[in-house]
Amino acid sequence: MKIHRLLITLVLSIDASAQWLDYRGPGLPLLPDGKSNLSAPPPKTPDGKPDLSGVWQPPTSYVVNIAKDLKPGEVSFTHWGESVYKHRQETQGKDDPQAYCVFSGVPREDVVPYPFKILETRGEVAILYEAIHSYRQIFLDGHQLRKDPNPTWMGYSVGRWDGDTLVVDTTGFNDQGWIDNGGHPNTEALHVTERFQRRDFGHMDLRVTIDDPKAYTKPWTVALELTLMPEGELIEYVCSENEKDLQHLVGK
């Protein structure tokens, strides 16, 4: 297997993740057979906006290549970006920071096959990721993106509502992140824009735009679908316990 055996192995071991099958939260719409009605209208917050709260499962098919559905040329590397991506492919992901239990960053956390929980409070949205127990704070209270931030793995996020869509801008990344398991690179110039739109009770559309002029010659956008886990809850994640695969990822 060419791409990152460690994380592909983890993908195959998550079927029971986040389950809390003997509990149903209040307000859960049900079908006549007692199953959750994921096609019911989305819940609303007191101010009339869609309530994004809940445990959400990202799509698993984008974890190796977040750009897999894009046409040739839509992702256009700079010379530096292409050389880094090629190196990561040839070495089978052995330098992947996530393999060493370091945060995945954004937008990678949107596609790794572990659920995340969205919590809404007044003026802020928090996202708790099961993978490596990372988190984000998205400020909706007038915070501005930092002009000279201390670079971080997860970046700094501010949000705003555009109708029923939550638009999140994130900058302030370090240059060590991977955008997916396949090794699409980013630099400190990365600007990620996410558009969260809960179209019904159990489904949320997420459009992610990658703008990093040092790694790519132009911005590019991917469309993802998140699925609600109505009886789900996050569970403990231990990254390095009994890890035996990394030493075998040698590549060229």
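The values are calculated or read from the model by the stated rules, or taken from the named source; none is laboratory data. Keep in mind the model is a prediction, meaning the values are calculated, not measured. Heads up, the Cβs are rebuilt from the backbone with ideal geometry, glycines too, and the neighbour counts pull from every protein chain shown.
Return a yes/no flag: does region 126-140 have any residue that is in contact with a Pro (Cβ under 9 Å, 6 or more places away or on another chain) and either loosely packed, with under 15 Cβ neighbours inside 10 Å or in contact (Cβ under 8 Å) with a residue 40 or more places away in the chain (or both). Talk me through it step by step, then tell me what you get.
Here is the first cut: in region 126-140, the residues in contact with a Pro (Cβ under 9 Å, 6 or more places away or on another chain) are 129-131.
Among the residues that remain, those that are also either loosely packed, with under 15 Cβ neighbours inside 10 Å or in contact (Cβ under 8 Å) with a residue 40 or more places away in the chain (or both) are: 130-131.
The answer is yes, given that some residue of region 126-140 is in contact with a Pro (Cβ under 9 Å, 6 or more places away or on another chain) and either loosely packed, with under 15 Cβ neighbours inside 10 Å or in contact (Cβ under 8 Å) with a residue 40 or more places away in the chain (or both).
Residue by residue, here is whether (1) touching a Phe, Trp or Tyr at 6+ places or on another chain (Cβ under 9 Å); (2) over 25 Å from residue 239 (Cβ atoms); (3) part of a helix (DSSP H, G or I); (4) small (Gly, Ala, Ser) holds:
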position: 80; (1), (2), (3), (4): no, yes, yes, no
position: 83; (1), (2), (3), (4): yes, yes, yes, yes
position: 87; (1), (2), (3), (4): no, no, yes, no
position: 127; (1), (2), (3), (4): yes, no, no, no
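For residue 213, state whether it is surrounded by fewer than 22 Cβ atoms within 10 Å (Cβ to Cβ), modelled with pLDDT of 95 or more, assigned to a loop (DSSP other than H, G, I, E, B) and not acidic (Asp, Glu).
For residue 213, the condition - surrounded by fewer than 22 Cβ atoms within 10 Å (Cβ to Cβ), modelled with pLDDT of 95 or more, assigned to a loop (DSSP other than H, G, I, E, B) and not acidic (Asp, Glu) - is met.
Every residue, every condition in (1) under 24 Å from residue 113 (Cα atoms); (2) modelled with pLDDT of 95 or more; (3) within 13 Å of the chain's Cα centre (by Cα), yes or no:
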position: 56; (1), (2), (3): yes, yes, yes
position: 62; (1), (2), (3): yes, yes, yes
position: 75; (1), (2), (3): yes, yes, no
position: 80; (1), (2), (3): no, yes, no
position: 83; (1), (2), (3): no, yes, no
position: 95; (1), (2), (3): yes, no, no
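Out of all the residues in region 164-187, which are in a loop (DSSP other than H, G, I, E, B), free of Cβ contacts under 8 Å to residues at least 60 places away in the same chain and either touching a strand residue (DSSP E or B) at 6+ places or on another chain (Cβ under 6 Å) or crowded, with 23+ Cβ neighbours inside 10 Å (or both)?
172
Please indicate, with yes or no, whether at least one residue in region 91-102 is within 24 Å of residue 59 (Cα to Cα), in a loop (DSSP other than H, G, I, E, B), acidic (Asp, Glu) and touching a residue at least 24 places away in the same chain (Cβ under 8 Å).
Yes.
Restricting the search to region 42-87, which residues are out of contact with any helix residue (DSSP H, G or I) (no Cβ under 7 Å at 6 or more places or on another chain), of a type in the set (S, T, N, Q) and under 15 Å from residue 227 (Cα atoms)?
Residues satisfying the conditions are 53, 57, 61.
Going through 234, 246, 226 one at a time, which residue ends up being within 23 Å of residue 103 (Cβ to Cβ), touching a residue at least 24 places away in the same chain (Cβ under 8 Å) and touching a helix residue (DSSP H, G or I) at 6+ places or on another chain (Cβ under 6 Å)?
Selected residue: 246, the only one of 234, 246, 226 that is within 23 Å of residue 103 (Cβ to Cβ), touching a residue at least 24 places away in the same chain (Cβ under 8 Å) and touching a helix residue (DSSP H, G or I) at 6+ places or on another chain (Cβ under 6 Å).
Would you mind stating whether residue 73 is assigned to a loop (DSSP other than H, G, I, E, B) and surrounded by 21 or more Cβ atoms within 10 Å (Cβ to Cβ)? Give the derivation first.
On the way: assigned to a loop (DSSP other than H, G, I, E, B): yes; surrounded by 21 or more Cβ atoms within 10 Å (Cβ to Cβ): no.
Taking the combined requirement at face value, the residue does not satisfy it.
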